[in-house]
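Enquirer: Provided herewith is a single structure, encoded as structure tokens, for subsequent inquiry.
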Amino acid sequence: MPPLGRLRATLWLSRAMSLGVLEPRPPGKRWLVAGLGNPGLPGTRHSVGLAVLGQLAQRLGVADGWARDRRCAADLALAALGDAQLVLLRPRRSMNANGRSVARAAELLGLTAQEVYLVHDELDKPLGKLSLKLGGSSRGHNGVRSCITFLNSDAMPRLRVGIGRPTHPDTVQAHVLGCFSTAEQELLPPLLERATDLLLDHIRERSQGPPSGLVICGHVPA
């Protein structure tokens, strides 16, 4: 049975979402953090954003606090980060339609695109490399493209998690939809920890003042 505080938070989030927006609005900032991926393929490279969200939920003590919201076709969890409030989101739609879930949740929560974080895989970075910056194009990522389309903006901050690009172009799809190799799986725990650190540090900084356009990069040693 979940702790009483966590249960109350889950029930409060469910009730607040049913009202369309979270009211009364807390004194601190509010952010939506969405992990992009395919819900039926949680262990694949393309769904590493979901793995980061799982690590983030554990770090924030809300791993057992996920609640399903049918209107945005996603699982949501509510967490506090200092004075800020984080709503974690795992879409239940396929990667190419993740944007529908993200945009609908942002609408229900009364958030702008700049208050929505996207966490996703990045082919053009090797496994262990991370980058976080504000806004920009989809860089060919279908999940990000979907979010840009349905949010009608490219201002969302992105945490890009490197998965590496295979040498032969014909193997890209199999690589993206495939599971991490045994050697790669050894790198995942520190990578997820570092990704969580970068994300939380960035949100803390933005919660305390106006956002900057600086790119933050990280690397997990092999």
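The values are calculated or read from the model by the stated rules, or taken from the named source; none is laboratory data. Bear in mind that the values here come from a model prediction, so they are computed numbers and not experimental data. Please note: Cβ atoms are built from the backbone with ideal geometry, for glycine as well, and neighbour counts cover all protein chains shown. Surface accessibility is based on the protein's heavy atoms, side chains included, excluding ligands, DNA and RNA. Shrake-Rupley method; radii C 1.70, N 1.55, O 1.52, S 1.80 Å.
Enquirer: Give just the number: which of (1) of a type outside the set (A, V, I, L, M); (2) in contact (Cβ under 8 Å) with a residue 12 or more places away in the chain; (3) closer than 30 Å to P169 by Cβ does R104 not satisfy?
Expert: Result: R104 passes all but (3).
Enquirer: I'm trying to understand the selection: among the residues of segment 116-140, which are touching a residue at least 40 places away in the same chain (Cβ under 8 Å), out of contact with any Gly (no Cβ under 6 Å at 6 or more places or on another chain) and open to solvent by 10 Å² or more (accessible area, probe 1.4 Å)?
Expert: Answer for segment 116-140, where residues must be touching a residue at least 40 places away in the same chain (Cβ under 8 Å), out of contact with any Gly (no Cβ under 6 Å at 6 or more places or on another chain) and open to solvent by 10 Å² or more (accessible area, probe 1.4 Å): L123, D124, K133.
Enquirer: Check every one of the strands (runs of 3 or more DSSP E) wholly within segment 35-118 and list those with 3 or more residues that are of a type in the set (S, T, Y) and within 14 Å of the chain's Cα centre (by Cα).
Expert: Because the criterion is at least 3 residues that are of a type in the set (S, T, Y) and within 14 Å of the chain's Cα centre (by Cα), no strands (runs of 3 or more DSSP E) in segment 35-118 meet it.
Enquirer: For segment 53-69, check the following and say yes or no: at least one residue is open to solvent by less than 30 Å² (accessible area, probe 1.4 Å), aliphatic (A, V, I, L, M) and either touching a Pro at 6+ places or on another chain (Cβ under 9 Å) or without any contact (Cβ under 8 Å) to a residue 24 or more places away in the chain (or both).
Expert: No: segment 53-69 contains no residue that is open to solvent by less than 30 Å² (accessible area, probe 1.4 Å), aliphatic (A, V, I, L, M) and either touching a Pro at 6+ places or on another chain (Cβ under 9 Å) or without any contact (Cβ under 8 Å) to a residue 24 or more places away in the chain (or both).
Enquirer: Quick check, is P166 at pLDDT below 95, open to solvent by 50 Å² or more (accessible area, probe 1.4 Å), more than 24 Å from R100 (Cα to Cα) and not in a strand (DSSP E or B)?
Expert: So P166 fails the test.
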